[in-house]
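Visitor: Got a structure for you, questions after.
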Amino acid sequence: MTFEVRSKSGRLVRLTEMVWEKITSEHPEFKDRNDYLTEVARTIEDPDYIVQGWTAERLALRWCESAPRAPKYLCPVYRELNGVGFVITAFFISRHERVLRRPVLWQKER
C-alpha cells in the first residue's frame, strides 16, 4: 500500500505500489518525484473540484504549483465501489476547463 486517504465522500481511497508504478511508467513526469505522490493524496483529500468521469470514476482536480514546466492542475482519477475507493491513474492538465464541462460533483468554496 502506497497510501490510503479519505475522499470528500468519506470513503477510503487507496493507491497501491503496482498502480503507482503504472502511473510513473505512463506519465514520466511523476518518476523520481515522491512529492507528487504526496500531492496525489492531498488532491483526493482536499481537491478544488471533483468531476464525474465517463463511467463510475471521479476526477479530482487541485492546483499544483510544483507541476513540471509550469503550475497546472493535478488530476488523480479514482473509483469508489462498495464503500472503498482505489486510484486508477493520475496526470497533470493545463486545460482544466475542458474537464469542468463534465458534471461537477463537488467544488471547494472560494
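Taken together, the values in this text are just the output of simple stated rules run on the coordinates, not laboratory data. Please read these numbers as outputs of a predicted model, since none were measured by experiment. All Cβ positions, even for glycine, are placed from backbone atoms using ideal geometry, and neighbour counts span all protein chains on display.
Visitor: Quick check: net charge around Ser7, other residues with Cβ under 9 Å of its Cβ, Lys/Arg +1 and Asp/Glu -1?
Guide: +2
Visitor: Quick one, which of [x] 12.9, 38; [y] 12.6, 36; [z] 16.8, 53 is the actual Rg and Dmax of the Cα atoms in Å calculated for this model?
Guide: The value computed from this structure is option [x].
Visitor: Relative contact order (percent) for segment 1-96, with alpha-carbon contacts under 8 angstrom and 6 or more residues of separation?
Guide: This gives 25 percent for segment 1-96.
Visitor: How much length would be gained if the chain were fully extended between Met18 and Thr89, taking 0.36 nm per residue of separation minus their Cα-Cα distance, in nm to one decimal?
Guide: The span from Met18 to Thr89 would gain 24.4 nm if fully extended.
Visitor: Another one. Given H placed on each backbone N at 1.01 Å, which residues far from Asp48 in sequence or on other chains put an amide H within less than 5 Å of it?
Guide: Leu61, Arg62, Trp63
Visitor: Could you run the Karplus curve 6.51 cos²θ - 1.76 cosθ + 1.60 with θ = phi - 60° over segment 47-57 and give me ³J(HN,Hα) per residue in whole Hz, x for Gly and Pro?
Guide: x, 7, 9, 10, 10, 5, x, 5, 10, 8, 7
Visitor: Please check: in the Gaussian network model of the chain (C-alpha springs, under 10 Å), which one of Trp54, Trp63, Trp20 has the largest mean-square fluctuation.
Guide: Trp54
Visitor: Here's something else I'd like to know. Express in nm, to one decimal, how much length is gained between Thr38 and Arg69 on full extension, taking 0.36 nm for each residue of separation and deducting their alpha carbon distance.
Guide: Answer, rounded to one decimal: 9.3 nm.
Visitor: Expressed in nm to one decimal, what extension gain is obtained for the pair Val99 and Thr55 from 0.36 nm per residue of sequence separation less their Cα-Cα distance?
Guide: Between Val99 and Thr55, full extension yields 14.4 nm more.
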